[in-house]
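Below is one structure; the comments refer to it alone.
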Amino acid sequence: MPAQAPIANSWLFVAAFALGTLAFACASPDKYVTTTEDGVSHVAIRSTERDAAESKAIKIARKYCDKRDKEAIFLTPNAKVEYTGSMDENTRNTIRQASKVGYVLGNGRYEVGNPDPAVGVGTAGVIGMGMTNGEDYRSTLDFRCK
């Protein structure tokens with residue numbers, strides 16, 4: 001039965017990721033946007049990756065305006081992205097990249113106590129991904145719908 005566990009665990013990981021992505025895609029942009037009296041809208045979003053945080057903020061602003069049959073006019077050229085994690089950002093990114101490599105080299109397999117080196121590498125990858133999976137990047141963006 002141990003041979004089946006890695007496959008089940010891999011599918012569980014993929015399913016959880018897909019559900020999270022679907023939840024974000026279906027979420028109303030209104031949840032992330034506030035608008036001031038002077039018509040300036042402000043979006044704030046969190047993500048696990050710097051680039052994804054900026055991209056999500058832009059997508060939400062566009063979706064918010066599209067919903068109102070208007071176009072998003074950005075008041076700044078790029079979203080402001082800040083790191084808010086508890087560990088040093090460079091250390092976090094190094095662990096995250098090494099974990100991705102470990103997970104791939106281990107073929108997505110992980111089992112505690114399995115002597116197979118490939119499974120050990122996969123286990124280290126999963127643990128590292130878990131350590132750096134927080135939404136440590138916060139992106140903010142100001143825009144108007146015209």
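Placing a label point 7 Å from the Cα of LYS70 along the Cα-to-Cβ direction, the residues of segment 26-53 with a backbone N closer than 13 Å are 34-42.
Between SER28 and TYR83, the modelled labels are 3.6 nm apart [label points 7 Å from Cα along Cα→Cβ].
Each reported figure results from applying straightforward, stated rules to the coordinates on display, with no laboratory input. These figures come from a predicted structure and were not determined experimentally. Methodologically, a virtual Cβ is constructed for each residue, glycine included, from the backbone with ideal geometry; neighbour enumeration extends over all protein chains shown.
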